[in-house]
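K.L.:
My questions all concern the structure below.
The values are calculated or read from the model by the stated rules, or taken from the named source; none is laboratory data. The structure displayed is predicted, hence computed values, not measured ones. Counting neighbours? That spans all protein chains shown, and the Cβs are built from the backbone with ideal geometry, glycine included.
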Amino acid sequence: MQVMHTISLPGPRGVLEIVVLACMFYYVILFFRGTRGAQVLSGFVLTLIFLMLLTQLFHLEALNWLLKRFSVYLALSFVIIFQPEIRRALAELGKQRVFAGARAERSLIEKIVRAVNILSERKIGALIAIERDIGTRAIQETGVPVDSVVTPELLAGIFFPHAPLHDGGVIIRGDRIVAAACLFPLSQREELSKSLGTRHRAAIGLTEETDAVVIVVSEETGTVSIAYHGRLSRGLDDDHLQRILYGLLVRGRSRKSRLSRVKEQLDLTPEGVAKTDGIGTETVQ
């Protein structure tokens, strides 16, 4: 006699539990992405999974018993190891989302363009990164925390010669300057023009690793450039810079769904070497 094995599907309560757990895991991964804690979390989870599989496959009863007994201590160690990240998450729970509408984004863009104009006229070198979906906490930790509202005077003043924080890059999240004097990763692409200096290579390098928008002001010529997704557009005036920033930070964000932004972040298709962007500026990829 054959015994028919039926697979029982989860009921409404089971589906709800799966959805809640999936959301929890998703936001934990999203929060830790881009931080130093991401590597520790990965090692922690992989070690735990490896030990659990090992005990199940080889029937290591003693080790399995120890893992069950130490589960409480493992949870406590997780809280201790990731205490800074957990504290930051709790502190940010009550914060209102900065980009509540196009008006706030437009105001931020205008402030940044005014600051860039001040720096360009005085030929003061600058490196300004605007964080988007991918976190830059690992880069922020290389600099000095600022946590101040963006104003043209403050943003421009950071880069003035002999200022304590002028050497390095600034990172903006929302309408706040979160860190200054940050070290951006340099692009290692050999096909880049030899005329590009360290600032431009740092701008391209950060946009190769994240989806941040990076503005560069040349110290030698005062030329304004913008980098995004490993591409560098040079020779921008105020109007062009404002239009590009508005297209990337306002229209681009409103058009894209969450899924399309994730696909864009995971896109590893090699790009071309050079082209023009249609507005009369040189684009280096």
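K.L.:
Being in a loop (DSSP other than H, G, I, E, B) and surrounded by 12 or more Cβ atoms within 10 Å (Cβ to Cβ) is the filter; apply it to the range 42-98 and report the residue that is modelled with the highest pLDDT.
P.N.:
Here is the first cut: in the range 42-98, the ones in a loop (DSSP other than H, G, I, E, B) are 58-60, 70, 82, 93-98.
Checking the rest, the ones that are also surrounded by 12 or more Cβ atoms within 10 Å (Cβ to Cβ) come to 60, 70, 82, 98.
Numbers: Leu60: 79, Phe70: 74, Phe82: 69, Val98: 42.
If we take residues in the range 42-98 being in a loop (DSSP other than H, G, I, E, B) and surrounded by 12 or more Cβ atoms within 10 Å (Cβ to Cβ), then Leu60 is modelled with the highest pLDDT.
K.L.:
Please give the number of the condition Ser187 fails out of (1) of a type in the set (Ser, Thr, Tyr); (2) surrounded by 20 or more Cβ atoms within 10 Å (Cβ to Cβ); (3) within 17 Å of Val113 (Cβ to Cβ).
P.N.:
Just one mismatch for Ser187, condition (3).
K.L.:
Is it the case that the range 207-214 has a residue that's more than 29 Å from Val149 (Cβ to Cβ), polar (S, T, N, Q), assigned to a loop (DSSP other than H, G, I, E, B) and touching a residue at least 24 places away in the same chain (Cβ under 8 Å)?
P.N.:
No: the range 207-214 contains no residue that is more than 29 Å from Val149 (Cβ to Cβ), polar (S, T, N, Q), assigned to a loop (DSSP other than H, G, I, E, B) and touching a residue at least 24 places away in the same chain (Cβ under 8 Å).
K.L.:
I've got another one for you. Working carefully through the options Gly235, Gly222, find the one that is assigned by TED's automatic domain parsing to the domain that holds Thr142, more than 22 Å from Thr136 (Cβ to Cβ) and assigned to a strand (DSSP E or B).
P.N.:
Exactly one of Gly235, Gly222 is assigned by TED's automatic domain parsing to the domain that holds Thr142, more than 22 Å from Thr136 (Cβ to Cβ) and assigned to a strand (DSSP E or B), namely Gly235.
K.L.:
Let me ask another. Can you name the residue in the range 151-174 that is more than 20 Å from Ala203 (Cα to Cα) and among the hydrophobic types (A, V, I, L, M, F, W, C) and is also modelled with the highest pLDDT among such residues?
P.N.:
Going through the qualifying residues, I end up with Leu154.
K.L.:
Tell me whether the range 170-184 contains one or more residues that are outside any strand (DSSP E or B), more than 26 Å from Tyr27 (Cβ to Cβ) and assigned by TED's automatic domain parsing to the domain that holds Ser107.
P.N.:
Checked the range 170-184: at least one residue is outside any strand (DSSP E or B), more than 26 Å from Tyr27 (Cβ to Cβ) and assigned by TED's automatic domain parsing to the domain that holds Ser107.
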